[in-house]
Amino acid sequence: MTIERPLPYGDARARLGSSLEAIRQKWPGARLESHALGAGKDLTIDVLWAEPQRPEQWLVLTSGLHGIEGHLGAEMLDLFAREFVPRLDPRTTGIALVHPVNPWGMRYGRRTNAGGVDLNRNFIWDSTGSTPGDQLFDRLTNSEYGELGFLNPVRPVRGVGRSTLEFGVGLIVGLIRMGQRRLTRATLLGQYADPQGVYFGGHERQEETQRLADVFERALARSSRVVSLDMHSGYGPRYQMSVVASPLAAEPAAEIARRIGYPRVVKATGEEFYAISGDMIDYIYKLREAHYPDRHLFAAAFEFGTFGESFSALLRSLRITVLENQAYICGASVSAGRWIEREWRELFFPGEVRWWGRARADARQAFEGILRAEGMLA
């Protein structure tokens, strides 16, 4: 049976580079900027910049914020480059394609960066520009996380069955004490207390976060209209990509859906999706509000669901998140490690051909609707 396979980090990076010559046919000054990270000189955040003659609007596409999700992101950026870049007007529209934001995580198959930080919990806004790190990344944020010990087992994974049982017992206790909504929030919001725990947002601004913040600053500084779209996978309905908007966006989700002609638009709140501390999309809106209030901004994430949105699917997702982190920190038996690796990859890059057909169709529909609504398609 034919299945989809993830493109390795090096190949994905080379493919972005190969897009440069085609883009230069429309934007002669287009260039590829590669920013080497301290985690390894061969690990770079690559940004393909194409500046317009008159910078009236700017489109920023990012992927691989959660490293392992960069494999899917590479496919969506390639689709965009092939099918939508030719329809943009190089006289007025600039583009910045960023891939991957988290090259270490993409290469080594982790959501986090080399320091164990979930970068989409690391975009804490500093309104003064001088707030001390221990105040900005407040360890008391999401104090309920510390009550969920089952999220951070401290021994090797000897067998999947035993670990699943232990996970299930801890989960049931957590549900009884908190209820489903509070437990979901405590799990996914992000935490700043345990560097070895899941969804750890860090104790300081990360190198990758700062580099991406610079990209948003450049786009907002150079044009009056900015559209920023970020690629993610793992959460939501299996066969329906979600456009996830910020709670800071003025338009209600239903109005955004009507305007862009896409059926599933949600905001990152506990009611519609899930709340996130240190979210990148929120950061862009706060940056615009603080320094570029006259700019028009539309920023959102494309979230390609994999396991589904039923309660059992959410538990499956949480279980493998816990087991992957446990295996990385504490180790695992050979058989358990192989199972964890397969299940972990399936969470972010399903092998099913039908899933990929729907994912690409949804991406096309969303790209088309957003770019047309924002006046970016020639």
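The values are calculated or read from the model by the stated rules, or taken from the named source; none is laboratory data. A quick note: this is a predicted structure, and the numbers were derived from the prediction, not measured. We place every Cβ from the backbone using ideal geometry, glycine too, and count neighbours over all the protein chains shown.
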Open item on the list: One residue is enough: does region 335-346 have a residue meeting the conditions part of a helix (DSSP H, G or I), within 22 Å of the chain's Cα centre (by Cα), touching a residue at least 12 places away in the same chain (Cβ under 8 Å) and under 28 Å from TYR262 (Cα atoms)?
Closed with: yes
Task: Condition met for ARG238 (in contact with a Gly (Cβ under 6 Å, 6 or more places away or on another chain), assigned to a loop (DSSP other than H, G, I, E, B) and closer than 28 Å to VAL266 by Cβ) - done: yes
Open item on the list: Checking the structure you have, find out if any residue of region 349-370 is touching a residue at least 12 places away in the same chain (Cβ under 8 Å), in a helix (DSSP H, G or I), out of contact with any strand residue (DSSP E or B) (no Cβ under 9 Å at 6 or more places or on another chain) and over 26 Å from PRO237 (Cα atoms).
Closed with: no
TODO: Answer with yes or no whether ALA219 is of a type in the set (Gly, Ala, Ser), touching a Leu at 6+ places or on another chain (Cβ under 9 Å) and either assigned to a helix (DSSP H, G or I) or more than 19 Å from SER63 (Cα to Cα) (or both).
DONE: yes
- [ ] Name every residue in region 215-242 that is under 17 Å from the mean Cα position of the chain (by Cα) and over 30 Å from GLU343 (Cα atoms), in order of residue number.
- [x] VAL215, PHE216, VAL227, SER228
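Every residue, every condition in (1) at pLDDT 95 or above; (2) in contact with a Lys or Arg (Cβ under 7 Å, 6 or more places away or on another chain); (3) outside the structural domain of ARG338 (by TED's automatic domain parsing), yes or no:
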| position | (1), (2), (3) |
| --- | --- |
| ARG162 | no, no, no |
| ARG182 | no, no, no |
| ALA193 | yes, yes, no |
| ARG238 | yes, no, yes |
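Being at pLDDT below 95 and among the aliphatic types (A, V, I, L, M) narrows it down to one residue among ALA290, ALA275, ALA301, ALA257; which is it?
That would be ALA275, the only listed residue that is at pLDDT below 95 and among the aliphatic types (A, V, I, L, M).
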Open item on the list: Checking the condition of a type in the set (Ser, Thr, Tyr), in a helix (DSSP H, G or I) and surrounded by fewer than 20 Cβ atoms within 10 Å (Cβ to Cβ), which residue from THR184, THR209 passes?
Closed with: THR184
- [ ] Determine which member of the set LEU165, LEU171, LEU119 is of a type outside the set (Gly, Ala, Ser), more than 26 Å from ASP230 (Cα to Cα) and surrounded by 19 or more Cβ atoms within 10 Å (Cβ to Cβ).
- [x] LEU171
TODO: Would you please name the residue that is nearest to ASP126 (Cα to Cα), looking only at residues in region 277-309 that are in a helix (DSSP H, G or I) and within 12 Å of the chain's Cα centre (by Cα)?
DONE: MET280
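Being in contact (Cβ under 8 Å) with a residue 40 or more places away in the chain, surrounded by fewer than 20 Cβ atoms within 10 Å (Cβ to Cβ) and of a type in the set (D, E, K, R) is true for just one of ARG54, ARG5, ARG13, ARG107. Which residue is that?
Unique residue meeting the criteria: ARG5.
Tell me whether region 220-235 contains one or more residues that are acidic (Asp, Glu), surrounded by fewer than 21 Cβ atoms within 10 Å (Cβ to Cβ) and either modelled with pLDDT of 95 or more or within 24 Å of GLU368 (Cβ to Cβ) (or both).
Scanning region 220-235 turns up no residue that is acidic (Asp, Glu), surrounded by fewer than 21 Cβ atoms within 10 Å (Cβ to Cβ) and either modelled with pLDDT of 95 or more or within 24 Å of GLU368 (Cβ to Cβ) (or both).
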Open item on the list: Among the residues that make up region 78-101, is at least one of them within 24 Å of HIS203 (Cβ to Cβ) and either of a type in the set (Asp, Glu) or touching a residue at least 12 places away in the same chain (Cβ under 8 Å) (or both)?
Closed with: yes
Task: Selection status of ARG31, surrounded by fewer than 17 Cβ atoms within 10 Å (Cβ to Cβ), at pLDDT 95 or above and under 20 Å from PHE216 (Cα atoms) - done: yes
Task: Matching option when the condition is modelled with pLDDT of 95 or more and over 22 Å from THR93 (Cα atoms), among GLY10, GLY64 - done: GLY64
Task: Residues located in region 311-334, provided they are under 19 Å from VAL154 (Cα atoms), polar (S, T, N, Q) and either free of Cβ contacts under 8 Å to residues at least 24 places away in the same chain or not in a loop (DSSP other than H, G, I, E, B) (or both) - done: THR321, ASN325, GLN326
Open item on the list: I want to confirm something. Restricting to region 126-155 and keeping residues that are surrounded by fewer than 16 Cβ atoms within 10 Å (Cβ to Cβ) and touching a helix residue (DSSP H, G or I) at 6+ places or on another chain (Cβ under 9 Å), which single residue is farthest from PHE302 (Cα to Cα)?
Closed with: ARG155
